[in-house]
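S.K.: Sharing a structure, written as C-alpha cells. Questions coming.
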Amino acid sequence: MATMPAFWKRTPAHASGQQPPTGPPDPLRAQRNPFLLRPLPQEGVYFHCKKIDNSRLVRETDPHTRGATWSVAGACLSLLAVLALAQIPNVLTTLEGYRLENLRTEERRYLDERRALELQEATLLSPERLEKLAQEQNLVTPSSRQVIHLDSRPDGAVAMVH
Amino acid sequence: MVERRLKWLAAVVLLWGAAAFYKIVSLQFVHHAEFSRMARAHQELVIDIPAPRGTIFDRSGAPLAMSVPTESVYLNPLRVPDLGVASEILSLVLKLDRMELYGKMKLAAETHRGFLWIKRRISPEETQSLRNLHLEWIAIQTESQRHYPGGTLAAHVLGGVDFEERGNGGIEKALDDVLRGQPGRARLLTDVKRRGIDQQLSSEARAGTPVTLTIEERLQFVAEREIAAAVAKNQAASGSIVVMNPYDGQIYAMASYPTYDPNVPPQPGDDIAARQNHALSVPFEPGSVFKVITLTAALETTNLRPESPIDCHGGVLRLPGRVIHDSHAGMGVVPMAIVLAKSSNIGAIQVGMRVGQNNMYDYMRRFGFGARTGIQLPAESSGKQRKLAHWGKTSLASVSMGQEVSVTTLQLAQAGSVIANGGLLVKPRLLLKRGDQPVPAAPAVRVIKPETAITMRQMMEGVVMPGGTGTRARLEGYSVGGKTGSAQIYDFFSRHYTHSYNGSFVGLAPLTNPAIVVVVTLNGTHGTAGFGGAAAAPVFHTVATEALRILDVPRDIPEEDPPPTAKTARSSDDVNDLAIADLGSDQPNILEEGDDEEQPVNAAAGPKVPNFRGMSMRAVLAEAARQGLIVMADGSGTARMQIPPPGSVLHEGERIRVRFAR
C-alpha cells in the first residue's frame, strides 16, 4: 500500500537501483508453471484513501507581511496610474489628431464646394444669360426718361420706373 | 540539480538578451536610416496643399475668372497587371477609345515610362466611378482648372492660361506672378487604415492674390454686344470700344471683336485675329478724329480761336505734288469751330499749317501718341508716329487730318481724356485692387491748359449738334461732345488708299463734367454707311447711355424731345465727315430755362403740365394741389427743373418731379 506521493516519488531504495519487493521471485523458465500468468508490474501495490482533516490548522496572521504586500500592490498600482496618466496626453493628442485631420479634410472639401458653387453662381448671373432670360420674358431696359432716381430713398429702393 | 537548471536558464536568458541587443543595435544604428525610411513610407503620406490661382473680379465684385479643383487620372504602366484589361476598364469608365488607350499604355510600358496621364479634368461622376473600383494601380490627382463664367466676356482683357495654369495672355499673363499661387506640401502621419493622425508642414501653401479690375461687367457686356452688332451690320473686319474714366484712367470697358471663349483651349486653325485685342494691339490711321489734336495745338500755339475764320478754299487745296479734296461741296471761309463740326480736311490742313511741324509733333507726343500707354496688358502697340526728321513735304498736311500716323483705340481714349479732364494726361489702368489693397493711379501730367480743354469741349459739342457730323451720338438728358473719323485704309500692296474705312468716334459725356470717354472704332467698313458718323456714333450712343445709367451719372440737361429718328438723322447728317451742308445752328445743347420748346399736346390724353420754374416749394405744392396733380419735390429753394417739361401732357398715373435749388 502506498500513497500517491509515495507512488510517484521513487523510494530511496528504488533510486539506488534496488528492486522493490513486488512479489515472489521470478522462477526460472524451466521451473515456471506454464499455466500461470506472469505478474503485472506493480501488482503488489495497493492504494488506500486516508482521510486527513486539516481544518483545525490555521495560518497565523502576520500583519507585517500583509502591510508589506498591500504596500507593494499600492506602489505598483500607483506606478501604473502615473504611467497611465503620463500617456493620457499622448492618447488625447492622437485622438485630437484624428479629429483635426478629419476637420481639415472636411474644410478642404467645403472650400472646394464653395468655389464650385461660386462658379455656378457666376455662370448663372452672367450678363449674357440674364439678357437671354430677359428677352424670353419680353423684358427691356427702361429708357433714361423712364427711370427716376430717388434721393431720399427708403432701404432697397434705388429707382422707380413710371 | 537546481543550480544546474538555473545555469541553463541564465544561459538561455543571456542568449536571448544578446540576440535582442544585437537586433536593437541592428535596428537602431546599423539599419536605422533604412528602417526609418520604410516606416515613414508606411506611416506617412506626402500630401500637396492646393493653392488656387487668384480670382479676377470686376469692379463690383463679380468674378470674371476663377479656379476650381478638378481630378485627373494617371497610372504607372509598369505596375498595371494586365494592360488589356486595364485599358478596357478605363475606356469604359472614362469614355475613351480602348485601342488608342491600350496603344498609349503599351508604348509607355515598353519604353519603361512610369507615369502616364489617362485623362485630365474628369467629371465628379467619373471620379466616383474610379474610386469605387478600388484598384490600387489607378491614381487620381487633384488639379486646378481655370474657369471664365462669362464665356467670351472680357476675353481680351482677361487673356487665358495654359495647362499648367500659367497666364498666356491678357491680365492672366501680365499679373501671372500675383495671381499664381504656390502649392504647399505636408507630411501626414497615418494609421494602418491610412487615416490621418498628425500633419507636419514641409512648405506652406500660398494662395494666389485675387485682383479687382476696373472693368464693369454689365458695361463690358453691352460694349461687346454693340461692337459685335456694329461689325456685323457694317460688314467690318473688326472693331473695338474703350470706355474710360477721364480723371483717373480707369477702364470701365474694353471690347474687341472678333472674340473668343477663353474656356476653350486654342485649336489649330483658329482665327488668330480673334485673340488679338484690337483696342490696344492693332493700330490704325485715325483720320478725322485726329483733328482734335490739330485744333488743340492751334489753340495753344497760335492766336486762332473757335471763331477765327479759316479759308477752306472751296473744297480743293493744291499742295506740292498732291491735291487735297473735301469729298463734299467745299466750304469757303468758316469759323474754326465749324471746321471741326463739319470735319473739313482742308480747314484742318490750314490750321495745321499755322501750327507748324514742330508744334504739331510736340502736341502729338503730349497727347500720348507714338508711345505705349503703359496699361497692364501685354502686346500693347505704341502706334506709329514718324520722327520729325522723316516727315515729307506734305506730312504736316496729312497728319493734320489724321493720316501718316497710326494710333490705337486706347490711345484715342487717353487723348480724349485730356480734353475731358481739363488738360491732364492720365495713364489708362485696369487694376483697381490687388488683394484688399487699392492700386493708386499714376500721377497725371498737365499737357494743355485747362481753358484750352474747355474750349475744345465746346467745339466738340458742335460735332454732335444738328449740322455736325456726329448727330447720332447725342444722348437724352446728357450733353455730349465728340469727333467722328473716317479714314481710308491704305493698301500696302497696291500703294493706294482703298474704299474700305476705319470708322471711329471719340466722345465724352456729360460735357459739363465728363464722367466717361468712349471711343468706338470699326475697321474695314465699306461705303458711306461705314463712316464714323454713321457707323460708330450710334454705337457710342448706345454704350454711353448704358454707361451713364450704370454709373449713375446725374443728367446735366433736361429731357428733350425724342431724338431724331434714323430717317431724319440720316437726312440731317453728313454722309461723311467731310460733307458740307448749310451751317446749322451751333447752339449748345445745354438748355437754359425757358428754352424748352412746347411739346405737341394731345388734348384728349390728360392735363398739361404747368410751368413751376422759379416758384417756391410752397407755391408749387399749392398750384399742384389746386390742379389735382401729384408732385414729387426734390431739394429745397426755388424750382429749377421739372420732369415732364411744362406744357407736356400728363398721362394717367404719371407724376411730376420738380427739382429745387437755391
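S.K.: Which one is farthest from B:Thr214 (Cα to Cα) among residues in region B:529-549 that are in contact with an Asp or Glu (Cβ under 6 Å, 6 or more places away or on another chain) and within 14 Å of chain A (Cβ to nearest Cβ)?
M.R.: My answer is B:Thr542.
S.K.: When you scan region B:233-292, how many residues do you find that are under 25 Å from B:His147 (Cα atoms) and assigned to a helix (DSSP H, G or I)?
M.R.: Count: 4.
S.K.: Scanning region B:190-228 for residues that are at pLDDT below 95 and among the small types (Gly, Ala, Ser), which turns out nearest to B:Ala544 (Cα to Cα)?
M.R.: Per the criteria, the residue is B:Gly208.
S.K.: For region A:111-125, name all the residues that are more than 8 Å from every other protein chain (Cβ to nearest Cβ), more than 42 Å from the chain's Cα centre (by Cα) and not charged (D, E, K, R).
M.R.: A:Leu117, A:Gln120, A:Leu124
S.K.: To continue, here is another question. Considering only region B:433-474, state which residues are under 29 Å from the mean Cα position of the chain (by Cα), farther than 26 Å from B:Thr373 by Cβ and assigned to a loop (DSSP other than H, G, I, E, B).
M.R.: Once the filter is applied, which keeps residues that are under 29 Å from the mean Cα position of the chain (by Cα), farther than 26 Å from B:Thr373 by Cβ and assigned to a loop (DSSP other than H, G, I, E, B), region B:433-474 yields B:Asp436, B:Thr469, B:Arg474.
S.K.: Starting from region B:518-538, keep only residues that are under 16 Å from B:Ser288 (Cα atoms), then list their pairs with residues that are modelled with pLDDT under 90 and assigned to a helix (DSSP H, G or I) whose Cβ atoms are within a distance under 8 Å, requiring at least 6 positions of separation or different chains.
M.R.: B:Leu522/B:Gly530; B:Ala534/B:Thr528; B:Ala534/B:Arg570; B:Ala535/B:Ala529
A quick yes/no check of all residues on (1) under 18 Å from the mean Cα position of the chain (by Cα); (2) assigned to a helix (DSSP H, G or I):
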position: B:Lys393; (1), (2): no, no
position: B:Ala397; (1), (2): no, yes
position: B:Gly402; (1), (2): no, no
position: B:Ser406; (1), (2): no, no
position: B:Leu410; (1), (2): yes, yes
position: B:Ala413; (1), (2): yes, yes
position: B:Val418; (1), (2): no, yes
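S.K.: Out of (1) in contact with a Lys or Arg (Cβ under 8 Å, 6 or more places away or on another chain); (2) closer than 30 Å to B:Gly647 by Cβ, what's the single condition that is false for B:Thr542?
M.R.: (1)
S.K.: Applying the selection to region B:418-440, what residues are buried (at least 16 other Cβ atoms within 10 Å of the Cβ) and small (Gly, Ala, Ser)?
M.R.: B:Ala420, B:Gly422, B:Gly423
S.K.: May I pose another question? Quick one: how many residues across region B:59-80 are of a type in the set (D, E, K, R) and either under 15 Å from B:Leu179 (Cβ atoms) or touching a Gly at 6+ places or on another chain (Cβ under 9 Å) (or both)?
M.R.: 1
S.K.: Within the group B:Met336, B:Met360, B:Met353, which residue is at pLDDT 95 or above and under 25 Å from B:Ser406 (Cα atoms)? Steps first, answer last, please.
M.R.: On the way: B:Met336 fails: at pLDDT 95 or above; B:Met353 fails: at pLDDT 95 or above.
None of the other options fit; the residue is B:Met360.
S.K.: Being under 34 Å from the mean Cα position of the chain (by Cα), farther than 19 Å from B:Lys449 by Cα and not in a loop (DSSP other than H, G, I, E, B) narrows it down to one of B:Ala341, B:Ala337, B:Ala297, so name that one.
M.R.: After ruling out the rest, the residue left standing is B:Ala341.
Residue-by-condition table, conditions (1) modelled with pLDDT of 95 or more; (2) outside any helix (DSSP H, G or I); (3) over 18 Å from the mean Cα position of the chain (by Cα); (4) within 20 Å of B:Ala253 (Cα to Cα):
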position	(1), (2), (3), (4)
B:Val506	yes, yes, no, yes
B:Thr512	no, yes, yes, no
B:Val517	yes, yes, no, yes
B:Thr521	yes, yes, no, yes
B:Gly524	no, yes, yes, no
B:Val543	yes, no, no, yes
B:Asp552	no, yes, yes, yes
B:Asp556	no, yes, yes, no
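S.K.: Okay, moving on. Across region B:25-76, which residue is farthest from the other protein chains (Cβ to nearest Cβ) among those that are farther than 30 Å from B:Glu126 by Cβ and acidic (Asp, Glu)?
M.R.: B:Glu34
S.K.: Now, a different point. Within region B:56-152, considering only helices (runs of 4 or more DSSP H) that don't extend past its boundaries, which have at least 3 residues that are on the phi < 0 side of the Ramachandran plot and touching a Leu at 6+ places or on another chain (Cβ under 7 Å)?
M.R.: Hits in region B:56-152: B:83-94, B:98-110.
S.K.: How many of the residues making up region A:116-162 are at pLDDT 90 or above and among the basic types (Lys, Arg)?
M.R.: 2
The values are calculated or read from the model by the stated rules, or taken from the named source; none is laboratory data. Every value quoted in this text rests on a predicted model; they were computed, and no experiment measured them. So basically every Cβ, Gly included, is an ideal-geometry build from the backbone, and we count neighbours across all protein chains shown.
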